[in-house]
1. So if I place +1 on the C-beta of Lys and Arg and -1 on the C-beta of Asp and Glu, and nothing else carries charge, what would the dipole magnitude of the stretch 3-176 be about its Cα centre? I want it in debye, nearest 20.
2. Which lysines have a Cα lying under 19 Å from the Cα of Lys15, excluding residues fewer than 8 positions away in the same chain?
3. Go through the stretch 1-92 and name the trypsin sites (Lys or Arg not before Pro) that are in a DSSP coil and have 10 or fewer other Cβ atoms within 10 Å of their Cβ.
4. Taking chymotrypsin sites (Phe, Trp or Tyr not before Pro) as candidate sites, keep only those in a DSSP loop with at most 16 other Cβ atoms within 10 Å, then name the longest stretch of the chain containing none of them.
5. Whole-Hz Karplus ³J(HN,Hα) for the stretch 155-169, in order, using 6.51 cos²θ - 1.76 cosθ + 1.60 and θ = phi - 60°, x for Gly and Pro?
6. Quickly work out the Asn120-to-Leu79 label distance, labels modelled 7 Å from Cα along the C-beta direction, and quote it in nm with one decimal.
7. Can you classify the chain as rounded, prolate or oblate using the Cα gyration tensor, where a ≥ b ≥ c are the square roots of its eigenvalues, rounded means a/c under 1.5, and otherwise it's prolate if a/b beats b/c and oblate if not?
8. Relative contact order for the chain: what percent, with Cα pairs under 8 Å and sequence separation of 6 or more?
Amino acid sequence: MNTTDQPTLWSLILKSSVAHTLTYFLMGILAYNFLNYEDSFASGALANYMRPTDSAWVAAGPGLQWIRGIIFALAFYPLREVFFHKKNGWLILGWVLTALGILSTFGAAPASIEGMIYTNYPANFFSYVEVVPQAFLFAGLLVYWVNHPEKKWLNWVLGIFFVLVVLMSVLGVMAATGMLPASP
């Protein structure tokens, strides 16, 4: 493929923001329900590290993921010829996200190599069940979307789901801060 087939910076920012927000939300909902995050975050080693799941900040999290999408796009853009319109580009992107963003963070995040060495937090390998698939799901969705600009329906479907996630996040913040009436 020639460079005219590569995404523009603005296109990549938009698509990265939407794809990251949607995959983050999906994997977060699954992890919350199947990995018992409500109890895990409220007790044990994570109680002093993670906000409780009923925090307004936690509710705001999915709606703010577009910010991370911008940062991802700014990192992906100079490497776009490696990731997009290449066979297995999504696997390369997924591995880069996993290697740099999960396993080898510069900070001592739990379950990262630095976290295992320098923190007292137990290595929570269950978090890999959420974050590694999300990295590859994000990579797969983003690369597919960038590689198939002719699928205009995809813009609409993903855009609608993005708006719904942001609206749910806003409603979650309103509920957590008491701005919505309590349910009966």
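Bear in mind that the values in this text are calculations on the coordinates, not laboratory data. Remember, predicted model here, so these are calculated numbers, not experimental data. Neighbour counts run over all protein chains shown; Cβ positions are idealised from the backbone, glycine included.
1. Numbers: 8 positive and 8 negative charges, 98 e Å.
Computed about the Cα centre, the dipole is about 480 debye.
2. Counting by Cα, and skipping residues close in sequence, Lys15 has these lysines nearby: Lys86, Lys151, Lys152.
3. Working: sites: Lys15, Arg68, Arg80, Lys86, Lys87; in loops: Lys86, Lys87.
Sparse-neighbourhood loop trypsin sites (Lys or Arg not before Pro): Lys87.
4. Segment 126-184 is the longest.
5. 4, 5, 4, 5, x, 5, 4, 4, 4, 4, 5, 5, 5, 4, 5
6. 3.6 nm
7. Verdict is oblate for the chain.
8. Details: 211 pairs, mean separation 58.5, N = 184.
This gives 32 percent for the chain.
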